[in-house]
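Data first, discussion second: the structure below is written as structure tokens.
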Amino acid sequence: MLCRTARKWVYLYRPDELPGFRKRRLERHLARCPKCAAEAKAAHDVGQTIALLHSQTPVLTDPEGFTLSVMRSAKPRELRRREVLTQVTGRLTGFRTIQWASGLAVVAVAIAFVAQVSSDARKVALLEARLRQSHGISLPQEPGTREFLRRFPSAGELRTDVHKAQLFTPWSLLDVVDGLGVFKANQQEAFLRHISSKYPQLASVNVDDGLDDRERAVLATEGAALMRELESIVRREGTLNEK
Amino acid sequence: MDPSFPDTVIERSRRGESEAFRLLVERYQGYAYALAFRLVCDEEAAKDVVQESFIRVWKHLPEYRPTMKFTTWMYRIVVNLSYDRLKTDRRRNRLMRNEREVEGYAEVADPTSTEQQITNRDLAERITFLAAGLPVTQRLVFTLRDLNDLSVQETADILAISGESVKANLCYARRAIRKRLEQLDVIREYP
């Protein structure tokens, strides 16, 4: 056994601290190592000094008064829960909290605004690139149309859908018309019926397998006419965002 | 610790019965106080710690699971609060010491102290003397094991450390105390 280990173990002198087999090893070592034996004696003296302290137990003066004071502090649980609730709601409505909440709201609105503006600009740019690349279609370059797209970016999505002809499935039409936000719920279906009757060929356009000449022609005529009609409605009515 | 204390009292306290909780406080306040006092070495601070501990016990009793001994669970709360108290007191003492050095402040013993208070103060001085300079874990282990006479396993459970760690900390703490006693000629210095 190493002296280093023995000089640690001598401090584990109380009954449940050193298992029997270790104790026996330590005793054998101490029997032939005077330095470790001296350390063991010192540890024993420390133990006796500490034992003197252990025998002195600090006593609580006035235990009855102490119990009373604890019981006064420990209120019934139900009552305490209510108090905690009041504290929390009180804090929430505190002036400082209102200040913080207002500040955070302003920051959130600012971030949302910046995100929306940049997202709209990106949408229009993407739309233009996609149309040019996939279908060879350029957006009208008239200042009015570009201004319209800038102000009503959701109509940009509409235009994409018009050119991709997905607009003309009943579901996507409904989505787009709904997205414009200019029709009341009971007007939407009437408007869809109106589109179906006024632009009958649009529903046959499918861009998933690419556009053929006929489909391009339909988009250029009926598609463009529908776009103009929708744009004029949006111009006249505005969108929910505008309102 | 009294092992015959009925579990039903703890169970009733868990359900929120104030009367049962009062019995619990009466039964354990002495033990909790002895531990807190040995840790913070100050009568008033120990009372504060114990009071706060019982409030926490009351508040968190519904979360207590009997897989752990109630006393172990309660001691853990007392130890944690005492530890917090020690930390804040240490910080405050540092400030106070600076102020006293500036103002030449001298502490005077309260002449109205009772005999028990004087005994407590004497004990506090001895413990402070022995445990001064011990790192926190060693101090906690030393107090729980050597002064409060808890088993190695119980000490480990309260401090949420292993039994081996308790023993290692005990070795270091007792060795440091030995050095301190030797320096002050309380025990003989061995070669």
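Legend: distances between Cα atoms for A:K35/B:K167; A:K8/B:K87; A:K23/B:K87; pairs beyond 26 Å are A:K8/B:K87; A:K23/B:K87. Which FRET efficiency, nearest 0.05, do A:A108 and A:L68 yield, Cβ-Cβ r, R0 51 Å? Efficiency, rounded to the nearest 0.05: 0.50.
Cβ-Cβ distance of A:Q99 and B:E125, R₀ of 41 Å, FRET efficiency by 1/(1 + (r/R0)^6): the value works out to about 0.20.
Distance between the 7 Å Cα→Cβ label points at A:S197 and B:R76: 7.7 nm.
A loss of 40 Å² or more of accessible area (1.4 Å probe, protein heavy atoms, ligands and nucleic acids excluded) relative to the isolated chain is seen in these residues of segment B:21-38: B:Q29, B:Y33, B:R38.
On segment B:1-60, 45 percent of the accessible area sits on carbon and sulfur atoms, based on a 1.4 Å probe.
Residue by residue along B:169-176, Cβ atoms of other protein chains within 10 Å of the local Cβ number 5 on average. Panel note: contact residues of segment A:1-22 (accessible area lowered by at least 50 Å² against the chain on its own; 1.4 Å probe) correspond to A:K8, A:Y11, A:L12, A:R14, A:D16, A:E17.
Within the accessible surface of segment A:1-54, defined with a 1.4 Å probe on protein heavy atoms only, the carbon and sulfur portion equals 58 percent.
Working ranking of peptides B:32-45, A:46-59, B:131-144 by packing, defined as the average number of other Cβ atoms within 10 Å per residue, highest first, is B:32-45, B:131-144, A:46-59. Per residue of peptide B:56-62, the mean number of Cβ atoms on other chains within 10 Å of the residue Cβ is 3. Between chain B and chain A, roughly 4200 Å² of accessible surface gets buried, counting both sides and using a 1.4 Å probe.
The values are calculated or read from the model by the stated rules, or taken from the named source; none is laboratory data. This is a predicted model, so every value here is computed, not measured. Neighbour counts are summed over all protein chains in view; Cβ atoms, including those assigned to glycine, are modelled from backbone coordinates with ideal geometry. Heavy atoms of the whole protein, side chains included, go into the accessibility calculation; ligands, DNA and RNA do not. Shrake-Rupley method; radii C 1.70, N 1.55, O 1.52, S 1.80 Å.
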